[in-house]
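The values are calculated or read from the model by the stated rules, or taken from the named source; none is laboratory data. The shown structure was predicted, so the numbers you read here are calculated from the model rather than taken from an experiment. Counting neighbours? That spans all protein chains shown, and the Cβs are built from the backbone with ideal geometry, glycine included. In case anyone asks, the SASA skips ligands and DNA or RNA and just uses the protein heavy atoms, side chains included. Shrake-Rupley method; radii C 1.70, N 1.55, O 1.52, S 1.80 Å.
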Amino acid sequence: MTLMSLCGKIMGGMDTKVISINEDNIDIRLMEEAGDIIRSGGLVAFPTETVYGLGGDALNPMSSRKIYAAKGRPSDNPLIVHVADMESVESIVTSVPDKARVLADKFWPGPLTIIMNKSDKVPYETTGGLDTVAIRMPVHKTALAFIRASGGYIAAPSANLSGRPSPTAVRYVKEDMSGRIEMIIDGGDVPIGLESTIIDLSGDVPMLLRPGFITLRMLEDAIGHVETDPTIMSGDCKERPKAPGMKYRHYAPKGDLVIVDGARDAVIDHINAHASEEAGSGGKVGIIATDETEDLYRTGTVKSVGHRQDESMIAHRLYTILREFDDEGVTKIFSESFDSDGMGQAIMNRLLKAAGHQVIKV
Ligand code: TXA
Ligand code: MG
């Protein structure tokens, strides 16, 4: 028994089997084993193109309850139902809106979640009591094979403990889920690293609830005007986010994170001054920089998220850096700010949530 599974056993009580799957040469026998666990009401973590998911049978209310328990997540926070084909979608909604068909044609399989009105087939345990259901068809081959082997409907939140960054690599899934679930499918690092874009098409006006790799512009090019949930970028608690999960202080690192926004040199000066003050009073400082600026900081552990222009790389690195700072015991994190255009909107949305909306303008 490995140390990890021993710890898991002591803390969670369950033996978690880890299997490795190569996307380009999927072992059908192992997939069937994973599928059997789901059919008998168990939980399996699996890779997708966005982040690792914590899967259970979406049509089994007991499975959804187990997902909430394993994550330590409030049960009013609905789960995304993952499917592998359009026929599966038809039977869990009252009807597929025209705009959903257009988006599905264009972006599925892929990192887009569409909310529609649910049919009776989907239990309220899965939708957190809502009459709508969030649906996503991932493009990751292992995810698709796993969904098919499991009967076609996998409810899956990100495979992290509630309040921690979503896992982009299997080591973080093991850290959070060992001992709590039956199986983890190791599919290597995920390609995108931020959760899917969520659009609500259950009402009259399309509404963006969570920005992601599929940007607002891409959505509007396909279906025309899309409203944006105003709480995506604001820390104003008077407004209630339309995606229940977005109201929680998500993606929170253990250290206190502050975003510093302004002209480049002013940001660097501010961070340098406050980082040395913080370190002087015994704090352990981490700085989220870019390739262009990382050499200009003088205190603490400096990590670059990548070139400022390379938004895919920044998205991919962000959660890993937050987890690394946790592991290193960092108590205070300063981060540069990012543009809120294109995929930058998703990056800033996650960073703002991680920071509890603490932004210093310089
Ligand atoms: O990329 C992803 O979407 C990943 C992978 C595993 O597919 N999943 C993921 O799930 O990020 P989760 O549970 O961490 O985030 C789902 C979000 C939550 O904020 C939840 O409140 C919202 O989707 N949501 C789910 N169903 C909804 C519904 N019917 N109406 C409004 N918001 C909904
Ligand atoms: Mg999540």
For the chain, dividing by residue count, accessible area per residue (probe 1.4 Å) in Å² works out to 41
Taking only the Cα positions of region 80-137, the convex hull volume per residue in Å³ is 67
Region 66-151: relative contact order from alpha carbon pairs under 8 Å, six or more residues apart, as a whole percent, is 38
In whole percent, the Cα-Cα distances of region 1-150 spread across 10 Å bins from 0 upward as 11, 38, 36, 12, 3, 0
Expected sort for 72-81, 91-100 on mean C-beta neighbours within 10 Å, highest first, is 72-81, 91-100
Per GNM of the chain with C-alpha springs under 10 angstrom, the most fluctuating residue out of H140, H274, H316 is H274
Amide H contacts under 5 Å for K118, restricted to residues at least 5 apart in sequence or on another chain and with H modeled in the peptide plane, are T94, T132, V133
Relative contact order in percent for the chain (Cα pairs under 8 Å, 6+ apart) equals 19
Beyond 24 Å (Cα-Cα) in this structure, taken from K66/K118; K332/K361; K174/K332, we find K174/K332
Of all C-alpha pairs within region 256-361, those more than 16 angstrom apart amount in percent to 53
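For the chain, how big is Rg over Rh, using alpha carbon atoms and the Kirkwood form of Rh? Present the calculation step by step, with values, prior to reporting the outcome.
Numbers: Rg = 20.4 Å, Rh = 20.9 Å.
The Rg/Rh ratio comes out at 0.97.
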Relative contact order in percent for region 227-362 (Cα pairs under 8 Å, 6+ apart) equals 37
Of the accessible area of region 230-362, computed with a 1.4 Å probe and all protein chains kept, carbon and sulfur make up a percent value of 48
Computed over region 144-266, the convex hull of the Cα set has an average projected area, in nm², of 11.6
Asserting the computed 222 nm helical MRE of the chain (DSSP H runs at least 4 long, -39500 (n - 2.57) per run, divided by residue count, to nearest 500) equals -10000 deg cm²/dmol
Taking max minus min of the Cα coordinates of region 271-330 on each principal axis, largest first, gives extents in Å of 36, 24, 12
Here the gain from full extension of D105 to E32, 0.36 nm per residue of separation minus their alpha-carbon distance, amounts to 23.4 nm
Applying the gyration tensor rule to the Cα atoms of region 148-201 (axes a ≥ b ≥ c; rounded if a/c under 1.5, else prolate if a/b exceeds b/c, else oblate), the class is oblate
For region 96-188, the accessible surface attributable to carbon and sulfur atoms (probe 1.4 angstrom, ligands and nucleic acids excluded) amounts in percent to 48
Using the Kirkwood formula on alpha carbons, the hydrodynamic radius of region 123-171 in angstrom works out to 12.9
Highest mean packing first, using Cβ neighbours within 10 angstrom, the peptides 150-161, 217-228, 260-271, 340-351 sort as 150-161, 340-351, 260-271, 217-228
